[in-house]
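Input: a single structure, listed below in structure tokens.
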Amino acid sequence: MRYDLLLQSMVPGTPFDSARVEALLEARGAKAQPGGGHAWKLENGSVEVHPLREGGQWVATEVRVPLSDRTELIREVVSKGAELAREAEVRFFDPQLGRELNTHEAGAVADQYERTARYAGELLGLASAMPMPTAPDEGFQPTTKFFFGALGFFTLLYLLVNWLSTQLGG
């Protein structure tokens with residue numbers, strides 16, 4: 001699971017200058033991968049950068065951020081990605097938020113990133129891959145409560161029958 005951001009042309013539908021974006025990525029230390037795309041190593045981790053094609057045409061560049069329980073990497077990606085977009089004269093877009101990003105959007109993106117990571121961790125069963133802080137367990141499980149309730153009921157019933165038999169027998 002990952003959180004995707006896009007580098008795309010300023011005006012949707014116009015040609016995307018992929019060569020300029022790739023050159024700027026490589027100038028920032030992104031290394032080409034054998035299967036295509038680039039690995040961009042940042043201070044807080046590494047992200048993958050891949051072309052996004054529609055109908056065989058390169059329309060945008062995806063910045064793929066792996067999900068984690070920490071937000072330092074996504075904050076760094078927003079800051080560095082916005083700088084790169086400004087230099088390449090493209091826009092840096094967050095499809096989850098549905099808006100263009102600048103260097104001051106790191107907080108909003110980090111909040112959405114945390115929600116996405118929490119959703120993936122809790123609902124999709126990826127908690128082991130992305131440990132997220134969870135609320136401590138409070139009380140017994142329902143089956144344990146039922147077991148103790150039944151045990152208490154039968155103990156009271158035994159005591160009541162025993163007391164009635166002594167009252168009637170004597």
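Please go through region 82-106 and give me each residue that is among the small types (Gly, Ala, Ser) and in contact with a Ser or Thr (Cβ under 9 Å, 6 or more places away or on another chain), ordered by number. Steps first, please.
Let us first name the residues in region 82-106 that are among the small types (Gly, Ala, Ser), namely 82, 85, 88, 98, 106.
Matches in region 82-106: 82, 106.
Considering only region 69-77, I want to know if a residue exists there that is within 15 Å of the chain's Cα centre (by Cα), part of a strand (DSSP E or B) and of a type in the set (A, V, I, L, M, F, W, C). Spell out how you get there, then give the answer.
Applying the first criterion (within 15 Å of the chain's Cα centre (by Cα)) to region 69-77 yields 69-75, 77.
Narrowing the set further to residues that are part of a strand (DSSP E or B) leaves none.
No, region 69-77 has no match at all.
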Worksheet item: So residue 117 fits all but one of (1) open to solvent by 90 Å² or more (accessible area, probe 1.4 Å); (2) modelled with pLDDT of 85 or more; what number is the exception?
Response: (1)
Item to complete: State which residue pairs qualify: first residue under 29 Å from residue 123 (Cβ atoms) and inside region 134-151, second residue acidic (Asp, Glu) and modelled with pLDDT of 90 or more in any location, beta carbons under 9 Å apart, and separation of 6 or more residues or different chains.
Response: none
Fill in: Enumeration of residues in region 1-44 that are closer than 27 Å to residue 114 by Cβ, among the aliphatic types (A, V, I, L, M) and either modelled with pLDDT under 90 or part of a strand (DSSP E or B) (or both)
1, 5, 6, 7, 39, 42
Practice prompt. Being at pLDDT 90 or above and buried (at least 17 other Cβ atoms within 10 Å of the Cβ) is the filter; apply it to region 97-109 and report the residue that is nearest to residue 76 (Cα to Cα).
Written response: 106
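Per-residue answers, yes or no, for (1) surrounded by fewer than 21 Cβ atoms within 10 Å (Cβ to Cβ); (2) more than 19 Å from residue 11 (Cβ to Cβ); (3) modelled with pLDDT of 95 or more; (4) not charged (D, E, K, R):
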{"residue": "46", "(1), (2), (3), (4)": "yes, yes, no, yes"}
{"residue": "52", "(1), (2), (3), (4)": "yes, no, no, yes"}
{"residue": "56", "(1), (2), (3), (4)": "yes, yes, no, yes"}
{"residue": "61", "(1), (2), (3), (4)": "no, no, no, yes"}
{"residue": "66", "(1), (2), (3), (4)": "yes, yes, no, yes"}
{"residue": "71", "(1), (2), (3), (4)": "yes, yes, no, yes"}
{"residue": "86", "(1), (2), (3), (4)": "yes, no, no, no"}
{"residue": "89", "(1), (2), (3), (4)": "yes, no, no, no"}
{"residue": "95", "(1), (2), (3), (4)": "yes, no, no, yes"}
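The values are calculated or read from the model by the stated rules, or taken from the named source; none is laboratory data. Remember, it's a predicted structure, so these values are computed and weren't measured experimentally. When we count neighbours, we look across all protein chains shown, and the Cβ atoms used for this are built from the backbone with ideal geometry, even at glycine. These area figures cover heavy atoms from the full protein model, side chains too; ligands, DNA and RNA do not enter into them. Shrake-Rupley method; radii C 1.70, N 1.55, O 1.52, S 1.80 Å.
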